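Structure first, then comments.
Just so it is clear, none of the values below were taken in a lab; they were calculated from the coordinates. As the structure is a prediction and not an experimental result, all values here were calculated from the model. Using ideal geometry, Cβ is built from the backbone for each residue, glycine included, and neighbour counts are taken over all protein chains shown.
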Amino acid sequence: MPSQYDLNFSTEDKLKKQHFDEKFRFRVCREQQLVNCASCAFVTGNVADRINGVSYCNNPLRLRRTQIKAKDSDWNGALEMVCDSFQSKPLPANTSTIIFREGEGAVLTSQFADCLHVDSKCPYVVEEQRLFINGGRAKYNRSGEVRIVDVSETVPGEVHKDSCDMPCCESRLQFQICNPNTYRNLVGMHPNARDPRRFVKNAITRHGRNSNMSYEEAEEFFGKVGEIALSVKEKGVHTQIGAVSDYIHRGVNPLGSKPLSEAVNPVWLWGVFELLSVPAYLKKDFSCGSIYDSTGTGAEVWVYDKRLFDFEKESGRPFDELSPEGIIPCVDSKGVFRSVRKEDLGSRMSESFYISGILKPLEDRALTSRGLTHFIDIREVSYHAHEHVWGESGIGFSGTASFHEQ
């Protein structure tokens with residue numbers, strides 16, 4: 001069958017409404033509504049009037065034009081429905097086409113940079129570019145911006161926040177989706193967060209290179225946290241926490257999944273690292289989600305890399321029998337964790353902490369004999385224990401605030 005963009009084909013190639021909607025997945029559009037029937041090149045009629053307007057799909061692959069109706073109603077659905085055969089209207093003349101090089105994809109500001117796209121001709125990418133050119137705003141006052149991201153180190157089955165549902169991208173995005181994905185669940189589209197989770201090993205991701213410091217330089221970097229907090233002109237702990245957070249994350253390097261010997265200081269344990277064990281002085285007060293009450297090693301915090309450590313497979317085994325790959329001991333030598341206000345943490349600690357510090361080689365033979373190579377000397381901890389709690393704890397500054405109290 002010819003492509004829907006090829007207008008020269010016979011009547012025998014055309015589809016009845018039911019078959020067309022099945023083949024091209026006619027569904028409710030994404031919340032931002034940049035890509036919908038109203039913005040498609042094949043639409044005609046009064047697309048803007050949802051109650052009294054009538055709009056039609058004139059896709060040349062349809063046997064006859066079809067009225068566009070909202071889901072479960074007879075109202076005009078042009079602004080809230082879409083199908084896989086969407087075709088963008090031409091961009092303004094003299095507009096440069098965005099081109100993705102090998103190993104590149106994009107996230108879009110209108111989608112809160114959550115959804116990954118890998119085709120530069122994807123309707124969402126094109127409509128985001130149109131939004132930017134026209135200086136318009138999407139829902140929630142979001143501007144249009146196409147941010148190029150590196151996807152060269154992704155592997156099939158890897159967990160991602162969200163992936164594009166258009167065929168041009170979806171066929172190349174073989175990801176698992178993390179967390180309940182409202183849109184995909186709403187329209188019954190897979191993959192979604194309700195699919196069984198499987199472990200996919202990824203040992204190919206490079207370490208970040210925001211900076212490259214010696215131990216002494218890293219100590220000095222973290223030692224300035226107090227100065228940064230005091231230097232902000234606006235008063236209030238929210239402003240101080242924001243300033244400290246920005247300062248830390250401009251200088252730290254997110255750890256990849258390659259060997260730790262290739263990483264440079266200072267380092268940051270971001271969202272792919274989860275807590276395996278926490279300090280004893282926090283354990284006795286909270287249900288932290290840790291599967292181990294004690295490691296018996298002296299390290300106060302243990303984390304694991306979800307890209308390297310199969311939690312489901314290893315869960316329940318004695319600590320000294322665990323696979324060492326992806327496990328990192330962390331030592332709270334400066335008492336950073338002790339400055340965290342326990343009353344703000346609740347019971348979701350295992351999802352709350354992001355640790356920064358100095359990566360050092362292990363010298364403990366009991367640990368190196370198990371295959372462990374490095375530990376992290378903790379210098380800063382950020383946390384979001386509840387949706388309204390925000391905290392930063394480091395040398396010279398520890399603050400906790402509620403967004404509800406701004």
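Express in whole angstrom the spacing between the alpha-carbon centres of the range 225-249 and the range 112-126. So the two Cα centres are separated by 34 Å.
Adding -39500 (n - 2.57) for every DSSP H run of four residues or longer, then dividing by how many residues the chain holds, sets the calculated 222 nm ellipticity at -4500 deg cm²/dmol. Summary value for the range 1-87: 35 percent relative contact order, contacts being C-alpha pairs under 8 angstrom separated by 6+ residues. Working from Cα pairs under 8 Å separated by at least six residues, relative contact order for the chain is 10 percent. Here the range 152-225 is treated as a sphere whose radius is the Kirkwood value from Cα pairs; by Stokes-Einstein at 10 °C and 1.306 mPa s it diffuses with a coefficient of 104 µm²/s. Extension gain, L91-E312: 0.36 nm per intervening residue step, less the Cα-Cα distance, totals 74.7 nm. Between helix 123-134 and the chain there is an angle of about 90 degrees, using the helix long axis and the longest principal axis of the Cα atoms.
Angle of helix 237-251 to the longest C-alpha principal axis of the chain, folded into 0 to 90 degrees and rounded to 10: 90°. Return the FRET efficiency for the residue pair E153, N46: r is the Cβ-Cβ distance, R0 is 45 Å, and the value is rounded to the nearest 0.05. Approximately 0.40, to the nearest 0.05. Using the alpha-carbon positions of the chain, Rg (one decimal) and Dmax (whole number) come out as 25.5, 76 Å. Fewest-first ordering of Y56, Y215, Y124 by other beta carbons within 10 Å of each residue's beta carbon gives Y215, Y56, Y124. Counting Lys and Arg as +1 and Asp and Glu as -1, each charge on the Cβ, what is the dipole of the range 72-140 about the Cα centre in debye, to the nearest 20? Dipole of the range 72-140, to the nearest 20 debye: 400 debye.
A Förster radius of 30 Å combined with the Cβ-Cβ distance from V232 to W270 puts the calculated FRET efficiency at roughly 0.75.
Work out the P(r) tail for the range 104-187: percent of alpha carbon pairs separated by more than 17 Å, whole number. Result for the distance tail: 47 percent. Multiplying the residue separation of K121 and D320 by 0.36 nm and removing their Cα-Cα distance gives an extension gain of 66.5 nm. Label-to-label distance, M189 versus K201, with points set 7 angstrom from Cα along the beta-carbon direction: 3.3 nm. Sorted fewest first by neighbouring Cβ atoms within 10 angstrom, V336, V331 come out as V331, V336.
The gain in end-to-end length when the T239 to Q67 segment is fully stretched comes to 56.7 nm, 0.36 nm per residue minus the alpha carbon separation.
Dipole orientation for the chain: of the candidates G188, H249, L269, G188 has the Cα lying most toward the positive pole (charges on Cβ; Lys, Arg +1; Asp, Glu -1).
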